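Asks: Quick one: this structure, given as structure tokens, is what I'll be asking you about.
Rule-based calculations on the coordinates, nothing more; no lab input. Just so we're clear, the structure is a prediction, and the values are computed from it rather than from any experiment. Don't worry about glycine lacking a Cβ; one is built from the backbone with ideal geometry, like all the others, and counts go over all protein chains shown.
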Amino acid sequence: MIIWSGNFGIDSNVIQTVASQLKQHPQSLVKENYYTSYYIKDSEKPDRVFDETYTSILNNVCADFSLYGRVNYTFEYWTQIYPSNSTSSHLVHDHFCGYEIFSWVHFIQPTKDCFYFIDSNNNKTYPKQDSGDFIVFPPWTLHGVSKNDTNKERIAIAGNVALTTIQNPVTGNKLVSHKINNKLCLWEIQSSN
């Protein structure tokens with residue numbers, strides 16, 4: 001189900017600083033015993049230091065999808081830290097709300113067979129996930145994370161890309177999304193005439 005992939009290393013000192021700050025944040029520990037920046041306000045997220053990195057990677061993805069220059073998009077991401085020798089996992093889920101065009105995972109410090117896709121027959125597929133691997137997949141794809149029963153801490157960063165506008169280069173028409181309370185409200189076609 002991977003529609004784009006690459007490998008992008010991140011300085012290990014920066015990762016360890018972000019991980020340390022994330023584990024100290026009072027809103028980062030989830031009852032399942034893993035840490036995430038998902039529930040932290042954007043202004044307080046220690047992983048915001050990666051904004052430029054992910055802007056660059058996602059611009060490349062959009063260019064390869066023939067979207068660069070045709071779309072305006074936003075993206076969000078969050079860091080997940082799974083402690084070593086724990087039962088913490090992430091149940092099967094998807095990221096689709098209606099306006100995302102793709103989702104992604106960046107394997108920062110993976111452990112063997114952690115992230116998986118699941119098909120309609122409940123078969124799991126574990127994609128290649130070496131350190132630095134970055135995979136893009138459709139947001140409606142079901143996926144999960146197995147428990148970390150290794151003696152190594154697992155770190156991954158996941159995210160979504162959502163369109164705000166897309167332009168048809170032939171007609172010049174633009175499709176524009178409108179949100180209310182950060183939820184998709186409607187799409188509007190704006191004519192170039």
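Asks: If you fit an axis through the alpha-carbon atoms of helix 51-64 and take the longest principal axis of the Cα set of the chain, what angle between them do you get, 0 to 90°, nearest 10?
Replies: It works out to around 50 degrees.
Asks: Using the Karplus equation 6.51 cos²θ - 1.76 cosθ + 1.60 (θ = phi - 60°), what ³J(HN,Hα) coupling, rounded to whole Hz, does each residue of the range 105-110 give in order, writing x for Gly and Pro?
Replies: Coupling constants for the range 105-110: 9, 10, 7, 7, 9, x Hz.
Asks: Output ³J(HN,Hα) for the range 81-89: one whole-Hz value per residue in order, computed from phi by the Karplus curve 6.51 cos²θ - 1.76 cosθ + 1.60 with θ = phi - 60°, and x for Gly and Pro.
Replies: So the J values, rounded to whole Hz, are 10, 10, x, 5, 6, 10, 9, 5, 8.
Asks: Check Thr141: other-chain or 5+ apart residues with amide H under 5 Å from its amide H, H built from backbone geometry?
Replies: Correct list: His95.
Asks: Given the rule -39500 (n - 2.57) for each run of at least 4 DSSP H residues, summed and divided by the residues of the chain, what is its mean residue ellipticity at 222 nm, to the nearest 500 deg cm²/dmol?
Replies: -4500 deg cm²/dmol
Asks: List Ile189, Ile2 from most exposed to least, where exposure is judged by having the fewest other Cβ atoms within 10 Å.
Replies: Ile189, Ile2
Asks: By how many degrees, 0 to 90 and rounded to 10, does the Cα axis of helix 12-24 deviate from the longest principal axis of the chain?
Replies: Approximately 80 degrees, to the nearest 10.
Asks: Can you pull the Kirkwood radius for the chain, inverse mean 1/r over Cα pairs, to one decimal in Å?
Replies: 17.8 Å
Asks: Okay, next question. Once you put a point 7 Å from the Cα of Asp51 and another 7 Å from the Cα of Asn122, both along the Cβ direction, what distance in nm separates them?
Replies: Output for this residue pair reads 4.4 nm.
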